[in-house]
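Scroll down for the structure; my scribbles are underneath it.
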Amino acid sequence: MADPPAARPATADAHPAGPGAPPAGYAQELSRSLSLRENMLITLSSVTPASSVFIVVPTVIQRLGGAAAVAFALAAAVGVLMALCYAELSSAFPITGGEYAFAARTLGRSTGFALFALSLLGGVLVTAVIALGTGSYLGVVWSALDGKGAGLAVIVLSSLVAVLNIRTNAWVTGVFLLLELAAVAVLAVLGLVHVEQPLSVLWTPHALGGADGNVLVGASWGLVASATATAVFAYNGYGTAVYFAEETRRASSIGRVVLWSLGITVVAECLPLVAVLLGTPSMGGLMSAASPMNYFLLERAGSAVNTAVSLGIAVAVVNAVIAIMLQSGRLLYSSARDRAWPDAVGGPLSAVHPRLRTPLVATLTMGLATLLVGWLVSLDTLILATGSTLVVVYVLVALSALFGRIRGATTTAPYRMRGWPYVPLGVVAVMLYVGYESVRADWRPITIAVGMLAAGYAYYYAYLHPRRADRWTMPAPVREEDGA
């Protein structure tokens, strides 16, 4: 028999009922000092629009040419549906555990832990992938930095920064965010002041063909649809806001941070994309370049600007690693607070530093795990292992939004999306299509993601379910009036 969702009344007392009894609600341990704007700075840093523009956008341009703009517009529509699901769930459950806190309270505790396992392992792998990309941009300035060592150094540095006070991190990531957005702005300005391509290029799919592979030929709209799956991932990260809900004032409005973060991300990624497509001197040259954005910068501004922008992208990568490390540390801390681990392990992981008021041990543990993975595992293997994680996460979040209302778990949410149940059902349909396309391309990533889920279910039923009276009980969210 499936275990029931773990729902608790939002007004529950924050203290145990007696010896060995689970808490009815969380106590306020983290520092509730962030404004909604500061939360957004960290969230946008996790999304890292500049990294998407220079890493994800070029792959879509190489496949579609100017119709990459259509793919990103379609992906933005999907992003809106997904953000609405996040907004409702995060307002109902403003808990630092993020997605697993949604699923455990709407789909069942076992599914919640399985999603936690996927999020934890996926977070380590994704952070390692991002960090190991630092060297390719620093290498433009100094070739000695073009290697794995630079990425490992970024992991160490980011872990140390992430244990600082949350407001300090908000301003560190905020400054870095401005620098990376400046790099994106350079692309937009250069493209818009050198428009050479007709406007119709934005909705005309092209591929490279001919004997030498450098001739533009027409492409199918089916190719546009499949590339939209890649574009969806470029916007990901706006849901990070909920991981800092317990440290944010007016946390009941956290859904607004989610929606605004998506909106800013779409503008920050689509504007330079359109500018580059219209401003490139040659669509064929752009599509055939090994690095389309660097090709554009060299053609329009020269090597000095290309070097400066490459530094900006390196900053964006570092910023993303810091933001994701903050998120990962709170994810592990939340699981320990929910008593997912034996006490000898869970005690230190659930501790909050008395002065910094951050989960120091949990954050450093995630940093160490990421460092070891980045050191021991090849980049190709890491990329393969992270390929379909997001598809599974999105499906479970959408199902949480769907069943949250059906089962009454989100009835007290301050924000309730319009268009329910069609919004979450639409997300599930799109993600199933994305999963289908992913399997057609390579069955291994989705198999790895399902394996991570299976490992979570196995741990839950082997260790947590027999102890369900006082472990993984999913107490009520801490509310702002409970203390700062």
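Rounded to two decimals, the Cα-based Rg/Rh of region 66-106, with Kirkwood Rh, is 1.21. Between the amide H of A476 and those of G25, Y26, distances stay under 5 Å, these residues lying 5 or more places away or on another chain, with hydrogens modeled in the peptide plane. Projecting the Cα atoms of M287, T248, I324 onto the dipole axis of region 230-333, where Lys and Arg carry +1 and Asp and Glu carry -1 at the beta carbon, places T248 farthest toward the positive end. Semi-axis lengths, largest first, of the ellipsoid equivalent to region 379-484 are 29, 23, 13 Å, with √(5λ) applied to each eigenvalue of the Cα gyration tensor.
In this structure, the amide hydrogen of L216, modeled 1.01 Å from its nitrogen in the peptide plane, lies closer than 5 angstrom to those of G209, counting only residues at least 5 positions away or on a different chain.
Rounded to the nearest 20, the size of the Cβ-charge dipole of the chain about its Cα centre is 980 debye, with Lys and Arg at +1 and Asp and Glu at -1. Taken one residue at a time, the phi angles of region 257-274 give Karplus couplings (6.51, -1.76, 1.60, θ = phi - 60°) of 5, 4, 5, 5, 4, 5, x, 5, 4, 4, 5, 5, 9, 6, 4, x, 4, 4 Hz. Gly and Pro are set to x. Rounded to the nearest 10 square angstrom, D343 shows an accessible area of 90 square angstrom against a 1.4 Å probe. The Kirkwood radius of the chain, taken over pairs of alpha-carbon atoms, gives through the Stokes-Einstein law at 25 °C and 0.890 mPa s a diffusion coefficient of 107 µm² s⁻¹. Per residue, the convex hull around the alpha carbon atoms of region 227-337 comes to 137 Å³.
Each residue of region 218-223 is assigned a 3J(HN,Hα), and the resulting list reads x, 10, 7, 6, x, 5 Hz, derived from the Karplus form 6.51 cos²θ - 1.76 cosθ + 1.60 (θ = phi - 60°), x at Gly and Pro. For region 296-312, 3J(HN,Hα) computed residue by residue from phi via the Karplus equation (6.51, -1.76, 1.60; θ = phi - 60°) reads 4, 5, 5, 6, 9, 9, x, 5, 5, 5, 4, 5, 5, 5, 4, 5, x Hz, glycine and proline entered as x.
Only Cα sites of region 86-136 enter the Debye sum here, all with the same form factor; the resulting log10 I(q)/I(0) across q = 0.13, 0.19, 0.21, 0.32 1/Å is -0.40, -0.66, -0.73, -1.10, listed in q order.
Residues W443, W472 ordered from highest to lowest accessible area at a 1.4 Å probe: W443, W472.
What percentage of all Cα-Cα pairs in region 32-145 are separated by more than 19 Å? So the portion of pairs separated by more than 19 Å is 65 percent. No solvent, one uniform scatterer per C-alpha: report log10 I(q)/I(0) for region 286-422 via the Debye equation at q = 0.17, 0.22 1/Å, two decimals. Taken in order of the listed q values, log10 I(q)/I(0) reads -1.13, -1.26. Global dimensions of region 189-251 from alpha-carbon coordinates: Rg and Dmax equal 19.7, 61 Å. Residues whose amide H falls under 5 Å from that of G108, counting only those 5 or more places apart or on a different chain, are A6, with hydrogens built in the peptide plane.
The values are calculated or read from the model by the stated rules, or taken from the named source; none is laboratory data. Everything numeric in this text was worked out from a predicted model, so none of it was measured. Glycine also receives a Cβ, built like all others from the backbone with ideal geometry; neighbour counts cover every protein chain displayed. Note: accessible area is taken over every heavy atom of the protein model, side chains too, but ligands, DNA and RNA are not part of it. Shrake-Rupley method; radii C 1.70, N 1.55, O 1.52, S 1.80 Å.
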